[in-house]
Structures are given as structure tokens and as C-alpha cells.
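Note sheet for the following structure.
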Amino acid sequence: MPDALLSVHDLACARGERLLFKGMNFGLGKGELLLVQGGNGQGKTSLLRLLTGLARPEEGEVRWRGESIRRVGEAYHGEMCYLGHANGVKDDLNPVENLRFADGMHGRAFDQTRAVATLERLGLSRCLDLPCRVLSFGQRRRVALAALLLAGATLWILDEPLTGLDVHAVVLMEGLIRNHLTAGGMVVATTHQALNLDGVAVQRLLVGNVAIPALM
Amino acid sequence: MEWASWSDFWHMAGYGLYVWGSFGVTAAGVLIEVILLKRAGADTRRRLKRMQQWATSLEGEGQ
Amino acid sequence: MKSRHKKLLVILLALAGIGIAAALILNAFQSNLVFFFSPTQVAKGEAPTDRAFRIGGLVEQGSLKREANGLTSHFVVTDTAKSMPVVYTGILPDLFKEGKGVVAEGKLGKDGLFTATQVLAKHDENYMPPEAAHALEQAQKAQQTLVK
Amino acid sequence: MNLYTYASPANFYVLAGKLIPWFSWGAGLLAVWGLYISFFLAPTDFQQSEAYRIIFIHVPAAWMSMFIYLVMAFWGAIGLAFNTRLSFMMARALAPTGALFTFIALWTGALWGKPMWGAWWVWDARLTSELILLFLYVGIIALWAAIDDVRRGDRAGSLLTLIGAINVPIIYFSVKWWNTLHQGSSINLMKAPSMAAIMLQGMLVMAIAAWFYTIAVALVRVRRIILERERQTDWAKAILENE
Amino acid sequence: MHRFLLAVLRRDLTLAARRRGDWLIAQFFFVMVASLFPLGVGPEPEMLARIGPGVLWVAATLASLLSLTRLFADDHHDGSLEHMVLSPEPTVLLVLGKSIAHWLIYGVPLLLIAPVLGIQFHLSWEAIMVLELSLLLGTPILSLLGSVGAALTLGLRGGGVLLTLLILPLYIPALIFGAGAVDGVMAGTGAEAHLSLLGAFMVLSLMIAPWIAAAALRVSLE
């Protein structure tokens, strides 16, 4: 796997007493999408949390640009953006304020026009100064997506990005992922829904309580 | 020998209550810890064995 | 900021922190932070006025006098430099003896008499059989006579 | 066969099983010997009469209370640094005994203080910091009990142990730093012990008995923890079937 | 680095401003606990002045505990805590920022309320000045050490009670030195020694607590 930026080596993951998977190996290069599939409770979210560095693997390691993410930690986090089940959107702040904080968190100066443009692109032009508390779940998800776009990360790790989104938003999401990949980005995502991603290099990874052969 | 008689020994020059209170509670504490430890050890082993039997019986049914 | 600079900054901050903390702790130990005050400190006016505090020292030899009711006792607490008269009503602890350590809690009157509400015996960390203590005493006495 | 062999839970389980009888019998015999010295060989004290005999329990218990805490902090630090499972198990196995000894030190101290000082309890630095130690033990055990996830519990408990470790030197040096009602230590590396030889001997024998007891109890407990955590492995299954 | 710290501060302060109810509860709690004592022990000025410093310090400790349970819990609930931990800046800075914010939101108001309560307890002006100084040095300790407890108990059942059990022993030195300083100045023995120790304790907490809390936070998120 010479051009794999993200690679996983002999990864094993346990939750509580149960071994979810072991001996997992794969690599992901620029412009590639990894779809993680599997039934409920098979360890999809656990795998994503291992990839972000939030969780610690039972065995093996995750590498970014050939180095363990434990070692490069913060540099890796600068190039990675995670969207989990929870949106990470503060209910008491309005969408713009939420994006302002997301920028500050990445140590960037806040660019208001760009933030507003992104929110408008995601169809939130009418909610710019409403607290996120009054927004619907799908709208809050869009705020989180705006933060994802603004972060400008190479690697997106998305846990069920389509839940709570309507048909338009799903199409929008597909477009965003495609653009990201053609621009040389990488995506790891779990989803139960079908994604229309023609012309994209897709790897599929089945997670379950079975040894998974190397995919490459 | 320090003590003229057993009653002298228990009396501890008037400090019997304090001295025996200290040694008694210590002995009781150690004893309780040992008993609890024994019981917890037996409980754990029994529980683990039962779980194991259960697991093997499930495997047997599956085949 | 480069990571080397960052590391240096963290180390410098840590050293500065330790330095400040050490300086503050040393400063605290130079001033008095005490469970009890010695008669010398009381004489210098370091002890609280008009409220309860503790004094500690040795019971002066030959100073213990009990009143007729048997409960009230008078004695003098000394730290060899200064001494203070104390009055206490109540049962004294078993270890309370002339020449031994004592901590008394109470108030200092205008007349310089310390009225104690509680008297605690402070013993030292020496443990030995009575014969040995007796022998030690004899030896000390002999030495004193020699010095004289 | 090297030292690392015993860092694996399976091997340590067997080793601990072999060691436990030695330490248990050792603790029992030493306690009998120590008690014999304490009550039949050690003479009356010149100032405290017979009440001083509490020292034979009080000082070993107080030492153990501090020492066990430091050992727990040590194992916790090792576990956090090197991610060794066995160190966390050791820390967990030690805590209840540490709490017991802290309680004994406080209890015997109160029973000693009442006849000698004239008070069950005073809020001086030594007593207060020892009480905080008991609270810390209780807090650590409660934290372990509250966290179901073993790995998270191990790490969280060890972090709490580490931050509380600063209390131990405060306990130890409190009698030097502040003028407390509590007397200073009779044993000091810098000077000759201020105790008659036979009394000192009794105290040391009791202290070693407490050591042996702690090791024996901790090994029994760590064996239980190992078995519980390794129950999925073949060797643990085999042991369960054979026992 | 400073941008990140400022962003955390700014966010937590904005959120506190939006949720003034939560913020007021903690301050009222402080006032009420302190006001219970005159009712409980009787209104004699001498007695109140004697117990005042201790009571105010205990009340401050409890009030800070009350707000600490939510230091990380709200952010954990809506997922923003994970985002912050996964930011390219060290988690230590995050914890430090949140501790400082907690102090500004819950500690500083205590400094403003305490003099009024001090008058209720018949403390002298001198004593009130020292009380303020001791709270100024001591309340950051409550926030810093509290962040460790909040991180350790994050997401646990009965986390609030457990937090109290874990953190109160660590608070005891601050309580002793803080109340001792005021007591010292009232007794005429001076407050310097207590304040020095309190300062040293603050510096040490500032150096150690964020690291431990950051480690605890990562453990709790695993």
C-alpha cells in the first residue's frame, strides 16, 4: 500500500468482554471512499472511533502517513474531521456562532462571509440567527456538515451521515462527498442507506465477528 | 514474665479497654477481610463455572 | 509555534511554577502555622487576643497545685525561656505530669492567667522500660553534677 | 524464562498460587511472634505504662496505610505508561487492604489518644491528613465500583490515585513541619531509634507481619481478578474445570 | 494555541450568558447555604463571626461542586466534547480553558457576593478583605481540581454524588488554608502563612490538574 495515507494494521477491537473484530488490515489513499458495513452492534462505530483516535485498539495500530496516530496525534487531528452520531452543535448558539467556535477550535481566524456562504449553500439561509435549539434534527445535521466543509480536512470520518436528512439533503451529501473525493480527499463512512456514488473509487468493508481478509 | 496473673494481663494497668479495643478491632477487621475474600473468591469461581457450562451447552445445541 | 519551542515553553512554565510554589511554601513555614503557641510566642504577642487558642510547652517542675475541690488545678507552662500560669477545672489526662509536655486550649485573661477549657498531654516519641528511664535520669544527673 | 514471563496474567496466576501459602503462614507466624513480644517480652513503658502497647498495632498499620497507597500509585503509573494489564489488577487488589489499615491506624490512634493525650481526636496536621487518606481510598474504591468498563475503570482509578499521592509525604512529614500534638517518629534513618530494643523489635516484627498479610491478601485478590478478566481464555477455562 | 484557548473561553462564557438560570442557581445556592447557618446556630454576632469564614468557605466549595457535574456533561451529551478533543490542539489546553471559564462563571461571582455575606456574619472589614483574597486564590483551585473529578465521573450513573466523594478530600487543604487565613487575621495572628500555602496549592493545581483531567477525559471518552 504505497500511497495509502490512512492504514490499519492487525487491528483488534473489544467492547467490554466481547471481541468485535481482530486482524483487520486495510489502507486508504487519496480520492478513495471506504464504506463500512455491517449489522447493528457489529462494531462499525467502534471502528470509526478507533480511526479517529478517540478509542484505543485492543491490538494493532492505525497509521496516518505511515506513523502511528498515537504518536502524531495532533498533526493527524489537523487533517481529520469526525462527524459522529451526535452533531456537536451547541443548542444555545446560532449556526454562525457554532461555526465560529469550530474555526477557533482549529486555531483559525473566523471568516464570516465564507461561513455564511457555506450555510447558505447547505440551505440554511433562513436560520442564520436562530439558536440551533429551534432547528430540526436535519437542519442541525446540516450545520454540522457546514463545519465539516469549513474544516478543510483531508480525511472525513462520517458515522451515519445520512440519518435524519431528507431526499434533497441526501443528494447534496452525495455531491459533497464526490467533490471531496475528486479534490483528493478521503472519506470513511458508515451507512445503512444506499449512496449514489458513480465514478468514485469505493472500498467496502464488512465489519463483524469474523476475521476480515486484507482488502487491498 | 511481665504479668503476675491473667486478670492483671486483661486489666493492662487500667488501660485494658483501650489496648484490647485496639487489638480486638484490628483482629476483627483482618478476620472480616479474610472471610469476605474467601467468600468472594468462591462466588467468582462458581459464577464463572456456571457461565462456562452455559456457554458449552449453547455450543452443543448449535451443532 | 514549533514543537521544540512549545516544549521549551512548557518546561520553563513548569520550572517557574515549581519555583513560585516552593517560595510560597518556604514563606509559609517561616511564619507561624501552628497547632499551638509557645509561651514565648504569646509573650511576643503572636497569639490571638480575646479568643480561644492553644498553648504548648512543659509543665514547670513544682508548679502543679490542686485546689481543695480536687478538680481545679493550677500549673505553669514553660518553654524554658518564658512561662505562663494556667488554671484548669476538669480531669487531667493520665500523662499529665510535671516536667512533661502539655497542650492547653483556652483564653488568656487580662491578668496573664490562661484559663484552659481542655488540657491535652503531649508525650514524646521515647519508649523504654521504667528502669531504663530511671538509669537515664541518674546518668543525666551525674553529668550535671560533673559539669557543675 | 525471564522476569517478563511473570508479567503475563496466566503465569502470574500460577506463581501467585504458589506464593500465597508462604505469605499466609509467614504472616500468621510473624503475628504470633510479634504479639508474644508485644505482650510478654516488651516491658512496661516509663511514662505511658501499658497503654503504649497499642503502638504495636498503630505504627505498623499507619506505615502500611501510606506504603500501600504509594505502591498503588506506582502500579497505576506503570499501567498508564506501559499499558500493562497486570499492574492495574495489582492496584485494585491492594486498595481494600490499604483502606482497612488506614481505618485501623485511625481507630487505634483514637483509643491511644484518649487515655494518653486526653482526647479521642484532635484536628492536627497528622490526624487530618491521615483522615484524608481514608477518604481517598474510599473515593478510589467507589470510582472503581461505579465504572463498569474494566479498562476505563483501571485508568480512571489510577489517575485519581496519582493525584492523591501528594498527600502521603504530607502525612509523613506533618509532625516535622508543623508542631502537632502527635509525637514525632520513633524510627528515623538519621538517628538511633528512641525506643528500647525489645519494643522496637516487637514493632518491626508486627510491621513485617502486616507486610506479609498484605501481600498474601493482595495475591488472593489479584488471582480472583485475573480469573474474572481472563475467563475467555483457554488457560482460565482449564483452571476453572480442574479446580 | 492562544486562539484555541480564547475560543473555548468565549464559547463557554457565551453559553453561560445564554443560560442564566443555571448560573443563578449556583449563586443562590451559595447565598442560601451561608444564610442557613445564622438560622441554625443562632444570631449572636460573636458566634457568627467565629464560624463565618469556615461557613463561607464550605458554602463556596459546595456551590462549586454543584456546577461541576455539568462542566463536561453538556458537551459530552451533544457531541461537541468529542470534536474538541479531536481538534488539532492539545486536550490540556481544552481543560485549562474550560477550568478558567468555570472559574470566571462560578468562582468570580462568589468573590462579589462574599463581602455581603461577610457583613451578615459580622466579619470585620479587615477579615472581609482577607476572605476576598483567600477566595481569589482558592476558587481557581476548586475549578481546577474539580475538572479532574468531572472528567473522571463523566457519563457515570450517579456521577454527581461520586464527584463529591472524589473531590472533597482534594478540596480539604484549600478549605483549611482559606478559612484559616480569615481566622488568622481575626485572631490577630496574621494570614500570611495560610495565604502563602493557598497560593502554592493554587500554582501546583494549575500545573498538575489540567494534565490529569485531560488524561481522565480521554479515558472517559474511550
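The figures follow:
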| read-out | value |
| --- | --- |
| When residues of the stretch B:1-23 are limited to those that are surrounded by fewer than 11 Cβ atoms within 10 Å (Cβ to Cβ) and assigned to a helix (DSSP H, G or I), the one nearest to the other protein chains (Cβ to nearest Cβ) | B:W6 |
| Helices (runs of 4 or more DSSP H) (entirely within the stretch D:76-181) containing at least 1 residues that are of a type in the set (D, E, K, R), modelled with pLDDT under 95 and in contact with a Phe, Trp or Tyr (Cβ under 7 Å, 6 or more places away or on another chain) | D:85-116, D:150-164 |
| Options C:A28, C:A14, C:A47, C:A21: the member that is within 8 Å of chain E (Cβ to nearest Cβ) and more than 26 Å from D:T128 (Cβ to Cβ) | C:A14 |
| Selected residue (criterion: nearest to E:L145 (Cα to Cα)) from residues of the stretch E:87-128 that are free of Cβ contacts under 8 Å to residues at least 40 places away in the same chain and assigned to a helix (DSSP H, G or I) | E:V108 |
| The stretch D:188-209, residues that are assigned to a loop (DSSP other than H, G, I, E, B) and not hydroxyl-bearing (S, T, Y) | D:N188, D:L189, D:M190, D:K191, D:A192, D:P193, D:A196 |
| D:F56 within 14 Å of chain C (Cβ to nearest Cβ), in contact with a helix residue (DSSP H, G or I) (Cβ under 7 Å, 6 or more places away or on another chain) and at pLDDT 85 or above | yes |
| Residue among C:F35, C:F29 that alone is in a helix (DSSP H, G or I) and surrounded by 12 or more Cβ atoms within 10 Å (Cβ to Cβ) | C:F29 |
| Residue that is closer than 22 Å to A:D92 by Cα, in contact (Cβ under 8 Å) with a residue 60 or more places away in the chain and not in a helix (DSSP H, G or I), where the choices are E:L81, E:L71 | E:L71 |
| Close pairs (7 angstrom Cβ cut-off, 6 or more residues apart or separate chains): within 14 Å of A:L6 (Cβ to Cβ) in the stretch A:148-166, among the aromatic types (F, W, Y) and buried (at least 21 other Cβ atoms within 10 Å of the Cβ) anywhere | A:I157/A:Y82 |
| Answer residue from the stretch E:143-159, given it is touching a residue at least 24 places away in the same chain (Cβ under 8 Å) and surrounded by fewer than 24 Cβ atoms within 10 Å (Cβ to Cβ) and is farthest from E:L62 (Cα to Cα) among those | E:G155 |
| Among the candidates D:W117, D:W123, D:W112, residue that is in contact with a helix residue (DSSP H, G or I) (Cβ under 6 Å, 6 or more places away or on another chain), within 14 Å of chain C (Cβ to nearest Cβ) and not aliphatic (A, V, I, L, M) | D:W112 |
| Leading residue by the ranking (farthest from the other protein chains (Cβ to nearest Cβ)) among those in the stretch D:171-183 that are farther than 21 Å from C:V102 by Cβ and surrounded by fewer than 18 Cβ atoms within 10 Å (Cβ to Cβ) | D:Y172 |
| Options E:L198, E:L145; residue that is within 19 Å of the chain's Cα centre (by Cα), within 14 Å of chain C (Cβ to nearest Cβ), in a helix (DSSP H, G or I) and not small (G, A, S) | E:L198 |
| Filter result (within 19 Å of the chain's Cα centre (by Cα) and within 11 Å of another protein chain (Cβ to nearest Cβ)) within the stretch A:54-68 | A:L54, A:A55, A:R56, A:P57 |
| So D:I140, is it surrounded by fewer than 23 Cβ atoms within 10 Å (Cβ to Cβ) and either β-branched (V, I, T) or within 24 Å of D:M72 (Cα to Cα) (or both) | no |
| E:V58 part of a helix (DSSP H, G or I) and either of a type in the set (S, T, N, Q) or touching a helix residue (DSSP H, G or I) at 6+ places or on another chain (Cβ under 6 Å) (or both) | no |
| Condition broken by E:G190, with the remaining ones in (1) in contact (Cβ under 8 Å) with a residue 24 or more places away in the chain; (2) in a loop (DSSP other than H, G, I, E, B); (3) of a type in the set (G, A, S) satisfied | (1) |
| Any hit, the stretch D:210-230, residues being under 30 Å from C:A132 (Cα atoms) and either in a helix (DSSP H, G or I) or touching a strand residue (DSSP E or B) at 6+ places or on another chain (Cβ under 9 Å) (or both) | yes |
| Number of the condition not met by E:W23 [criteria: (1) at pLDDT below 90; (2) closer than 30 Å to A:A147 by Cα; (3) assigned to a helix (DSSP H, G or I); (4) more than 19 Å from the chain's Cα centre (by Cα)] | (4) |
| Whichever residue in the stretch A:82-137 is part of a loop (DSSP other than H, G, I, E, B) and charged (D, E, K, R) and, among such residues, is nearest to the other protein chains (Cβ to nearest Cβ) | A:D92 |
| Matching residues in the stretch C:91-124 - criterion: being facing chain D (nearest Cβ under 9 Å) and part of a loop (DSSP other than H, G, I, E, B) | C:I91, C:L92, C:P93, C:D94, C:L95, C:F96, C:K97, C:K100, C:H123, C:D124 |
| Whichever residue in the stretch E:156-189 is more than 16 Å from C:F35 (Cβ to Cβ) and within 9 Å of chain C (Cβ to nearest Cβ) and, among such residues, is modelled with the lowest pLDDT | E:G188 |
| Residue list for the stretch E:160-186, filter: β-branched (V, I, T), closer than 30 Å to E:E222 by Cα and buried (at least 23 other Cβ atoms within 10 Å of the Cβ) | E:I167 |
| Within the stretch A:1-37, considering residues that are under 23 Å from A:T191 (Cβ atoms) and in contact with a Phe, Trp or Tyr (Cβ under 9 Å, 6 or more places away or on another chain), the one surrounded by the most Cβ atoms within 10 Å (Cβ to Cβ) | A:L6 |
| Residue satisfying condition, being modelled with pLDDT under 85 and surrounded by 19 or more Cβ atoms within 10 Å (Cβ to Cβ), within set C:P129, C:P93 | C:P93 |
| Candidates D:L204, D:L143, filtered to the one that is within 9 Å of another protein chain (Cβ to nearest Cβ) and aliphatic (A, V, I, L, M) | D:L143 |
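The values are calculated or read from the model by the stated rules, or taken from the named source; none is laboratory data. The structure displayed is predicted, hence computed values, not measured ones. Counting neighbours? That spans all protein chains shown, and the Cβs are built from the backbone with ideal geometry, glycine included.
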